[in-house]
Each structure stands twice: as structure tokens, then as C-alpha cells.
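Trainee: Pasting a structure here, questions to come.
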2 protein chains.
Amino acid sequence: MTTTERASVSSLEDPSPEAAREAIAKGTEREALVTVFGRCTVDYEGRASSRLAEGDRHVMLKPDGATLVHTDEGQQPVNWQPPGCDHDVRCVREKGTDALVLESVRKTPEERLLVRFRDVLQVSSFAGSDENELALSGTEEDLRQRILEEPTLLEPGFRPLATERDTPAGAVDIYGEDTAGRAVVVELKRRRVGPDAVSQLRRYVDALARDLHADAAVRGVLVAPSVTERAERLLAEHGLEFVSLEPDPE
Amino acid sequence: MTTTERASVSSLEDPSPEAAREAIAKGTEREALVTVFGRCTVDYEGRASSRLAEGDRHVMLKPDGATLVHTDEGQQPVNWQPPGCDHDVRCVREKGTDALVLESVRKTPEERLLVRFRDVLQVSSFAGSDENELALSGTEEDLRQRILEEPTLLEPGFRPLATERDTPAGAVDIYGEDTAGRAVVVELKRRRVGPDAVSQLRRYVDALARDLHADAAVRGVLVAPSVTERAERLLAEHGLEFVSLEPDPE
DNA sequence: GTGTTGATATCGTTA
DNA sequence: TAACGATGTCAACAC
């Protein structure tokens with residue numbers, strides 16, 4: 001979507017393969033968002049490989065190189081290519097008819113998406129402008145702010161000393177001290193947590209204990225809205241603690 | 001996309017808000033895939049909350065209840081609602097002009113997406129059929145098959161005994177024995193692994209050792225194309241092993 | 001570029 | 001329904 005005075009749309013219905021090819025090429029050249037709807041097969045080869053037999057699908061080509069193939073179901077595209085790809089459009093003579101082929105290719109990793117249309121029902125090009133970015137709240141970062149502003153939410157007397165404190169196992173969300181001067185490692189999760197989060201906290205506690213010096217007492221506290229039962233058992237097993245708290249979604 | 005003889009598209013350009021509302025309502029009623037392009041704001045309230053100021057965007061309403069809002073950049077939609085939502089379309093009198101409002105709502109969790117169009121440039125409805133499903137290869141499941149068919153790939157004499165063997169920490173990918181009769185826990189990853197995979201393997205090995213009986217010797221083997229350095233250190237630290245192997249993408 | 005982690009992750013499977 | 005783990009996860013950020 002190039003920045004134009006006003007957004008614009010141009011659209012073709014039931015185009016010939018050659019007319020479709022031309023419209024798509026023109027749209028991508030103009031840096032427009034291009035959509036194609038029709039009957040197609042989809043093949044992918046790269047990090048994995050996949051094949052999708054014929055069906056009616058909606059294909060979106062973005063000017064940043066992304067490709068999305070959507071069916072009528074699911075939030076996720078049935079197939080796709082990430083931004084940074086090169087789009088190619090061409091007509092191919094196949095079995096006595098002209099087919100329209102879309103190809104999206106990238107390197108590192110080398111992968112290729114091929115959409116072969118037996119029939120194109122609509123091609124549209126959308127040009128517009130979008131200067132604004134999404135403002136999101138209720139994230140882990142918001143949870144961190146909440147605790148830093150009011151450390152007593154974690155426990156009375158807790159003193160935050162650093163965020164993203166580095167350890168051999170990675171960066172700790174919040175590092176601080178309790179009233180007794182013991183080191184406290186805090187791991188934050190914005191939603192209910194499972195065993196993976198406990199393992200993560202455990203790695204940090206172990207690494208920090210070793211880093212400070214032999215058998216330093218390091219407490220580990222997991223902060224999240226809630227925990228699963230298996231995670232709770234794991235916490236107890238490893239002498240880790242849990243505080244129920246959630247990000248302020250306001 | 002209802003199953004029809006042949007796919008069909010109906011499209012409106014520069015419709016009035018009321019004409020757009022009618023076309024969208026008709027499309028969703030017919031279980032078609034509906035797209036709307038125009039200038040809009042987007043608000044989300046639910047697991048988190050977000051606000052997106054005015055811009056030109058492409059909105060897709062799927063008959064399964066999913067909603068996708070795309071800008072001209074990125075593989076991911078700038079905002080969305082998962083399948084299972086109820087779509088609602090209406091015209092609202094605002095600041096002396098008619099605005100078109102799309103609302104997608106679901107419960108559990110309760111969340112709501114509001115797209116408010118100041119200007120609609122195109123509404124399209126797509127009906128078609130798609131009976132075929134994606135065939136994907138090069139997954140973790142393929143890697144498992146490869147090892148089960150040729151256990152010596154893991155190590156000479158390895159004997160698989162079970163897949164998805166249950167432990168208190170979760171199900172083990174492959175459980176087996178080595179030539180010495182020792183229990184072996186195998187964790188598979190289709191791509192290069194980091195510290196999280198090592199922690200996962202460690203949880204399984206610990207749980208199984210405890211489950212079998214006190215101080216049973218249980219080996220843990222991580223199978224993946226490669227490991228990061230930190231993961232390698234963690235493996236060594238906990239006496240776990242690594243075998244380099246990747247899924248056959250053919 | 002690789003490494004690490006968060007995400008309104010999404011998705012599928014299973015208890 | 002919740003829980004758990006895979007994903008061609010994606011995306012942001014650090015190094």
C-alpha cells in the first residue's frame with residue numbers, strides 16, 4: 001500500500017489467465033496488496049514440504065513479500081510464505097489450457113511456494129496508507145511494570161534490583177532481594193503456566209546460585225495468574241514459589 | 001464457502017455504508033468468505049486489549065467465525081479473532097456520518113473485536129468448495145517414524161519399546177532400551193534446539209527414574225538436527241546425550 | 001546472521 | 001472443558 005491521497009481498489013472478475021497475470025504483475029509493481037481468488041493447487045518445498053490438491057482459495061500477496069493462502073476455515077492460512085520473498089507471476093501452458101502460476105521464493109532458508117490456478121474468479125489490487133501502529137496492553141511487560149511500581153505485590157519488603165539480569169542460563173525477568181537479603185529470581189508469565197515455565201525458572205535459579213557462589217541461597221518466584229497442577233507439583237519439588245498476579249488489562 | 005457446483009464471487013465497489021452492511025450480512029448468512037477493504041479503526045478487548053487508529057486495511061470474515069485484519073505488512077494479521085466467534089454487522093450514526101461496524105464476539109474466553117469503517121472501498125463474497133487437506137512432511141512425526149523403522153540411527157542396539165509412554169511429567173516421545181538393558185528416554189525435535197528442549201528432556205528423565213524406582217539408571221537422548229551452545233552445556237551438565245538427525249523431508 | 005523468549009501465539013490430541 | 005506439546009510456529013530484541 002503506497003501512500004496515496006486516497007485509498008484505491010481495482011478489481012477484475014473472471015479474467016483470462018493472461019489478464020489476471022497482467023493485473024497481478026501491475027499490482028505488485030505498484031506495491032499494492034493483491035488478492036486472487038480461484039481454484040488452485042498449492043505446493044511448498046523448504047524447511048518441510050507440503051502438497052495441497054485442488055480447491056477454491058483466497059491468496060493474498062503483500063508488497064513486503066509475504067504470501068497467504070486462506071481457505072474458508074481456520075485462523076491460520078493453509079499455506080504461506082513469510083515477508084522477504086520475491087513474488088513471480090506467469091502463465092503456463094498445461095494440458096491444453098493456460099494456467100496462472102504464482103511463485104514466492106526466498107533464500108535462507110531456501111524455500112518456495114507454488115500456487116497453480118486452474119481458474120481465477122477475481123483479482124483485486126488495494127492501495128492505501130496505514131501510518132498507525134497497534135497499541136497493546138495486558139502483556140508480560142505490563143505485569144513487570146506493575147511489580148516494579150508496587151514491589152509489595154510480590155511480597156512485603158521485596159526490593160527489585162535489576163530487570164533482564166543476565167545469567168549463564170539467560171536473562172532473568174526481575175532480580176531482587178527479600179527482607180532477609182536473600183537473592184530472589186522472579187519469572188513472569190501473563191497467563192496460566194505449565195511445567196515449561198517452572199523449568200525455565202529453575203534454570204535461572206540454578207545458574208544464578210552457581211554464579212553468585214557455591215551454595216548461595218537463591219529463591220525462585222513464579223508470577224502468573226495461575227498454575228496447572230503438574231506445574232504446582234514441580235514447583236514444590238524444586239522448592240520454588242508461586243505468586244498469583246495478572247497484568248492490568250486496562 | 002458452501003459446496004456449490006462452481007465457485008462464485010460477488011463484489012461491490014465504493015458502496016454506501018448501508019449497501020456494504022447488506023452485502024456483508026448476505027455473504028455471512030450464505031456461509032461465504034467475506035472481505036472488506038477500507039479505512040477503519042480496530043479495537044480489541046479480551047485476554048489483552050488493543051487499539052489501532054485509523055488506516056486502510058483488509059478484513060476477512062470466515063464462515064467458521066474467524067476474523068482477520070491485515071495491513072500491507074507482515075505475515076500475521078495486525079488484529080484478529082479466532083474461529084467460533086459470532087460476526088455482527090451494523091451501521092452506526094457517528095459525528096454526522098454513517099459508519100459501518102463489524103463486531104466479532106466469543107465467550108470462554110470472553111473477547112470482542114470491533115472494526116469501525118469510516119470508508120468502505122470494496123466488499124466481496126467468495127463461495128466455493130475445498131474438499132482437500134494439506135499433506136505435510138518433514139515433521140516430528142516423520143522423524144519418529146524414521147527412528148522406529150531404523151533404531152540403529154539412534155545407536156547400535158537401541159530397542160524402541162513404546163511411543164508416547166506416559167510419565168508423571170508427561171508423555172515421552174520414544175521410550176526404549178539400550179544393549180545394556182538401561183532405560184532410554186528419547187525426545188525428538190524437528191529443528192535446532194535451545195535450552196527449553198533440554199529442560200523438557202530432563203523433566204521426563206527425572207520423572208521416569210522416579211517412576212521406575214529409586215536411582216534407576218535412565219538415559220536421556222535428545223534427537224534434533226543440531227543444538228545451540230547453551231543447550232549443549234545444559235545437556236552436559238545433566239548427563240544427557242545428543243544425536244544429530246533430521247526428518248526426511250522427501 | 002544466530003540465540004533466546006514472548007505471544008491476544010494457534011492448533012491438534014487427549015484425559 | 002482444560003492441559004500439554006508441536007509448529008514450515010512468527011516477531012522482537014540482543015549479540
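Trainee: What does the net charge come to around B:D72 if you take all other residues with beta carbon closer than 10 Å to its beta carbon, with K and R at +1 and D and E at -1? Show your work: numbers first, answer last.
Mentor: On the way: positive: A:K62, B:R57; negative: A:E31, A:D64, A:D130, B:D56, B:E73.
Every neighbour counted, the sum reads -3.
Trainee: Select from A:P83, B:P15, A:A23 the residue farthest towards the positive end of the dipole of the protein assembly as shown; place +1 on Cβ of Lys and Arg, -1 on Cβ of Asp and Glu, and compute about the Cα centre.
Mentor: Value: A:P83.
Trainee: Between copies, how far does the label point of A:C91 sit from its twins, in nm, shortest first, when each point is 7 Å from Cα along Cα→Cβ?
Mentor: Values, ascending and in nm: 4.2.
Trainee: Calculated from DSSP H runs of 4 or more alone, at -39500 (n - 2.57) each and per residue, what is the 222 nm mean residue ellipticity of chain B, nearest 500?
Mentor: -6500 deg cm²/dmol
Trainee: What translational diffusion coefficient, in µm²/s and rounded to a whole number, does the Stokes-Einstein relation yield for the protein assembly as shown at 25 °C and a viscosity of 0.890 mPa s, taking the hydrodynamic radius as the Kirkwood radius over Cα pairs?
Mentor: Taking Rh from Cα pairs, D becomes 95 µm²/s.
Trainee: Mean projection of the alpha-carbon convex hull of the range B:104-222 over all orientations, in nm²?
Mentor: 13.6
Trainee: Okay, moving on. What does the structure give for A:114-123 when I average, per residue, the other chain Cβ atoms found within 10 Å of the residue Cβ?
Mentor: 2
Trainee: Stokes-Einstein at 37 °C, 0.692 mPa s, Kirkwood radius from Cα pairs: D for the range A:190-234 in µm² s⁻¹?
Mentor: On the way: Rh = 11.2 Å.
Rounded to a whole number, D works out at 292 µm²/s.
Trainee: For a footprinting-style exposure proxy, rank B:V78, B:V42 by other Cβ within 10 Å, fewest first.
Mentor: On the way: B:V78 20, B:V42 25.
With the sparsest Cβ surroundings first, the list reads B:V78, B:V42.
Trainee: While we're looking at this one, here's another question. Quick one: Karplus J couplings for the range B:240-245, per residue in order, coefficients 6.51, -1.76, 1.60, θ = phi - 60°, nearest Hz, x for Gly and Pro?
Mentor: Per residue, the Karplus-derived 3J(HN,Hα) values read 9, 10, 9, 10, 7, 7 Hz.
Trainee: Using θ = phi - 60° and the Karplus form 6.51 cos²θ - 1.76 cosθ + 1.60, what ³J(HN,Hα) does each residue of the range A:73-86 get, whole Hz, x for Gly and Pro?
Mentor: 10, x, 6, 8, x, 5, 7, 6, 9, x, x, x, 8, 9
Trainee: Mind checking the log10 I(q)/I(0) for the range A:163-250 at q = 0.13, 0.14, 0.20 Å⁻¹? Debye, one equal scatterer per Cα, no solvent, two decimals.
Mentor: Once normalised to I(0) and log-transformed, intensities are -0.39, -0.45, -0.90.
Trainee: Taking θ as phi - 60°, what are the ³J(HN,Hα) couplings along the range A:191-204 by the Karplus curve (6.51, -1.76, 1.60), each to the nearest whole Hz, with x for Gly and Pro?
Mentor: 9, 3, 10, x, x, 4, 5, 5, 4, 4, 4, 4, 4, 5
Trainee: Report the FRET efficiency, 1/(1 + (r/R0)^6), for A:L136 and A:E13, where r is their Cβ-Cβ distance and R0 is 35 Å, rounded to 0.05.
Mentor: Rounded to the nearest 0.05, the efficiency is 0.40.
Trainee: When the Kirkwood hydrodynamic radius is evaluated over all pairs of different C-alpha atoms of the range B:16-62, what value in angstrom, to one decimal, is obtained?
Mentor: 12.1
Trainee: Which ordering of A:C85, B:C91, A:C40 is given by a fewest-first count of other beta-carbon atoms within 10 Å?
Mentor: Working: A:C85 22, B:C91 16, A:C40 27.
Fewest-to-most ranking of A:C85, B:C91, A:C40: B:C91, A:C85, A:C40.
Trainee: For chain A, what size does the Cα cloud have along each of its three principal axes, sorted from largest down, in whole Å?
Mentor: Extents along the principal axes, in whole Å: 81, 42, 30.
Trainee: Going by the rotation axis that takes chain B to chain A, pick out the residue of B with the closest C-beta and quote the gap in whole Å.
Mentor: Nearest residue, distance rounded to whole Å: B:S199, 2.
Trainee: I'd like to know which of A:V105, A:H58, A:F126 lies farthest towards the positive end of the charge dipole of the range A:8-127, counting +1 on Cβ of Lys and Arg and -1 on Cβ of Asp and Glu.
Mentor: Result: A:V105.
Trainee: Could you give log10 I(q)/I(0) at q = 0.19, 0.21 Å⁻¹ for the range A:8-127, computed by the Debye formula over C-alpha point scatterers of equal weight, without solvent?
Mentor: The Cα Debye sum returns log10 ratios of -1.00, -1.22.
Trainee: Residue by residue through B:163-171, how many Cβ atoms from other chains fall within 10 Å of the Cβ on average?
Mentor: Working: counts 0, 0, 0, 0, 0, 3, 5, 3, 0.
If you average over the peptide's residues, the count of other-chain Cβ atoms is 1.
Trainee: Let me ask something else about it. For the range B:160-236 and the range B:102-118, compute the distance between their C-alpha centroids and round to whole Å.
Mentor: That distance is 43 Å.
Trainee: Could you work out the local net charge near B:A183, counting Lys and Arg as +1, Asp and Glu as -1, over the other residues with Cβ closer than 9 Å to its Cβ? Don't jump to the answer; show the numbers that get you there.
Mentor: Numbers: positive: B:R182, B:R219; negative: B:E177, B:D178.
Neighbourhood net charge equals 0.
Trainee: Put the label 7 Å from Cα along Cα→Cβ for B:E29; what are its distances to the other copies, in nanometres, shortest first?
Mentor: So the distances to the same position in the other copies read 4.3 nm.
Trainee: Right, another one. Across the residues of A:131-137, average count of Cβ atoms on other protein chains within 10 Å?
Mentor: 6
Trainee: If we count every other residue with Cβ under 13 angstrom of A:M60's Cβ, Lys/Arg +1 and Asp/Glu -1, where does the sum land?
Mentor: That works out to 0.
Trainee: I've got another one for you. Neighbour counts of other C-beta atoms within 10 Å: give me A:R118, B:R6 arranged from fewest to most. Working shown, then result.
Mentor: On the way: A:R118 16, B:R6 11.
Result, fewest neighbours first: B:R6, A:R118.
Trainee: Say a label goes 7 Å from Cα toward Cβ at B:L134 in every copy; what distances in nm does this one have to the rest, shortest first?
Mentor: Ordered by distance, the counterparts are at 1.9 nm.
No value in this document is a laboratory result; all are computed from the given coordinates. What you are looking at is a predicted structure, and each value in this text was computed from that prediction instead of being measured. We place every Cβ from the backbone using ideal geometry, glycine too, and count neighbours over all the protein chains shown.
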